[in-house]
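Enquirer: Sharing a structure here in structure tokens format.
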Amino acid sequence: MNIRSSLLNTLTFILIVFAAGHSAAGQGIPVASRMNGAQPDTIDKVPPATDNEERSALHKRNGRYAIHPSDTLELSFMLTPEFNQTVTVQPDGYITLRDVGDLKAAGRTLPELTESIKAAYSKILRDPVISVDPKDFEKPYFVVGGQVGKPGKFDWRGNVTLTQAIAIAGGFTDAAKHSQVLLFRRASDQWTEARIINIKKMLSSGNLQEDPELQPGDMLYVPKNTLSKIKPFLPTSSVGTYYNPATF
């Protein structure tokens, strides 16, 4: 197996893990890779060309918080306070509203859910005025894995770039392949965008304008370099003979 095949296998494996951790419904991500000719260090997981809605989702991400199961929400009725209530999003994504029944909440933004709740209560109230406030919710985060000093899940506090995230995770290890850092980003419930970032080239050129800013839920994976893969098969005394740092 050559190095490129090994990288693609690693990419496929990480996509499967990433999908399993982020899809509440347990749906997998269809595999449809393509190389972007204008940017050879980028691989996108994209839907078929005929699916315009999904393709648009890859390039226009909703920055508003999407409600998750186990989130706790406080509903305030300005004109009818007797309907004030606190609800928790159930594992199936629904909330139970007093006197109107169940309503799907998971995956919606707060404005979207507020409008849905208003519509539900409009059946028993006239022109209800309702506000929805999150009381306990999933905190924004990013994940760094692979060849870094402290792989794990970190709080996302805004304005964190890729290189800063790697520094937060303890920096590269000696086995890291700086030129092929993988960035996974959820584009929709069914699709995840994957990019290969050449940090080695970016740092050597001193051009940090290409250092992408992370978004909540992003995952970084730093693969092993070629030396770390072949080192177990090399005689200890001859490692220096075969190793050229400039090629890794």
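The values are calculated or read from the model by the stated rules, or taken from the named source; none is laboratory data. All values reported here derive from a predicted model rather than from experimental measurement. FYI the Cβ positions are ideal-geometry reconstructions off the backbone, even for glycines, and counts take in every protein chain you see.
Enquirer: If you scan the stretch 81-92, which residues turn out to be of a type outside the set (S, T, N, Q), closer than 15 Å to Glu138 by Cβ and either modelled with pLDDT of 95 or more or touching a strand residue (DSSP E or B) at 6+ places or on another chain (Cβ under 6 Å) (or both)? So that I can check it myself, show each step before the final result.
Expert: So in the stretch 81-92, the residues of a type outside the set (S, T, N, Q) come out as 81-83, 87, 89, 91-92.
Checking the rest, the ones that are also closer than 15 Å to Glu138 by Cβ come to 89, 91.
Matches in the stretch 81-92: Val89 only.
Enquirer: Within the stretch 180-205, take every residue that is of a type in the set (Val, Ile, Thr) and touching a residue at least 40 places away in the same chain (Cβ under 8 Å) and give me the one that is nearest to Asn225 (Cα to Cα).
Expert: Initial filter on the stretch 180-205 (of a type in the set (Val, Ile, Thr)): 181, 192, 196-197, 199.
Checking the rest, the ones that are also touching a residue at least 40 places away in the same chain (Cβ under 8 Å) come to 181, 192, 196-197.
Details: Val181: 11, Thr192: 25, Ile196: 14, Ile197: 14 Å.
Applying the filter and picking the extreme gives Val181.
Enquirer: Moving on. Going through the stretch 139-167 one residue at a time, which ones are at pLDDT 90 or above and in a loop (DSSP other than H, G, I, E, B)?
Expert: The answer is Gln147, Gly149, Lys150, Pro151.
Enquirer: Looking at the stretch 61-102, which of its residues are aliphatic (A, V, I, L, M) and surrounded by fewer than 14 Cβ atoms within 10 Å (Cβ to Cβ)? Break it down stepwise before answering.
Expert: Within the stretch 61-102, the first condition is being aliphatic (A, V, I, L, M), and the residues that meet it are 66-67, 73, 75, 78-79, 87, 89, 95, 97, 100.
The answer is Met78, Leu79.
Enquirer: Out of the stretch 117-138, which residues are outside any strand (DSSP E or B) and exposed (fewer than 15 other Cβ atoms within 10 Å of the Cβ)? Spell out the reasoning first.
Expert: Filtering the stretch 117-138 down to residues outside any strand (DSSP E or B) leaves 117-129, 137-138.
If the condition is that a residue be outside any strand (DSSP E or B) and exposed (fewer than 15 other Cβ atoms within 10 Å of the Cβ), then Ala119, Ser122, Lys123, Ile124, Arg126, Asp127, Val129 are the ones that fit.
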